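Trainee: One structure follows; several queries about it will come next.
The values are calculated or read from the model by the stated rules, or taken from the named source; none is laboratory data. None of the values given here were measured: they were computed from a predicted structure. Backbone-built Cβ (ideal geometry, glycine too); neighbour counts: all protein chains shown. Calculation scope for accessible area: heavy atoms of the full protein, side chains included, ligands and nucleic acids excluded. Shrake-Rupley method; radii C 1.70, N 1.55, O 1.52, S 1.80 Å.
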Amino acid sequence: MKTLKTITLSLLFLAVLTTGCENESLTQNCEGDNAEFPEVFYSEELASIPCGLQSVESDNKEVNLVITNQADLEKYFTCHEQLPEIDFNKYFILAGSYTHHQCALLDSQSVSICNGRIAYNVNLLEQDCQAITSVFYAIAIENKYNNLPVDFKIQFKN
């Protein structure tokens with residue numbers, strides 16, 4: 001009887017462990033075909049205009065913003081040239097700046113959607129000079145995604 005009880009408890013414990021592992025494997029892998037890559041807008045226009053952020057905490061190394069209207073765009077963006085007209089009825093902007101202890105520049109950026117979240121990936125390149133640099137990045141995507149939380153992932157490629 002004691003052996004039957006031990007076997008039953010062992011099988012029950014094994015079933016619980018197996019079910020737990022199955023639930024873990026159900027979390028979606030956010031790479032390759034499992035991620036959705038929404039169309040991005042204004043990326044070249046925003047990258048070609050020298051811009052920076054204003055009205056933000058200057059002590060922060062990394063500042064990230066979700067801009068959903070023209071008033072916020074004018075409040076936070078400072079540019080040397082006029083920005084393109086953004087239709088905030090159709091799009092919203094993900095933007096930010098990263099201050100680095102030596103020269104750096106924007107290498108690439110991408111947006112993906114996975115597990116009900118927006119992943120905004122920004123790759124920076126470190127340069128061979130000793131000047132504190134603030135790297136600006138911005139991209140626009142469709143408003144149909146504006147209710148999703150955003151994960152800003154800023155990293156150096158080299």
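Trainee: Top to bottom by accessible area (1.4 Å), largest first, where do S48, S43 land?
Mentor: Result of the area sort, largest leading: S48, S43.
Trainee: Leaving out ligands, DNA and RNA but keeping every protein chain, what accessible area does T78 have, in Å² rounded to the nearest 10, with a 1.4 Å probe?
Mentor: 60 Å²
Trainee: What does the charge dipole of segment 80-156 about its Cα centre add up to, to the nearest 20 debye, if the Cβ of each Lys and Arg holds +1 and the Cβ of each Asp and Glu holds -1?
Mentor: Dipole size: approximately 340 debye.
Trainee: Which order do you get for S58, S108, S134 if you rank them by accessible area with a 1.4 Å probe, largest at the top? Spell out each step's value before the answer.
Mentor: On the way: S58 105, S108 45, S134 75 Å².
If we order S58, S108, S134 from most to least accessible, we get S58, S134, S108.
Trainee: Which trypsin sites (Lys or Arg not before Pro) does segment 68-154 hold that lie in a coil by DSSP with at most 15 other beta carbons within 10 Å?
Mentor: Loop-located and lightly packed - K90.
Trainee: First select every other residue whose beta carbon is under 14 angstrom from the beta carbon of N89; then total the charges, Lys and Arg +1, Asp and Glu -1.
Mentor: Local net charge: -1.
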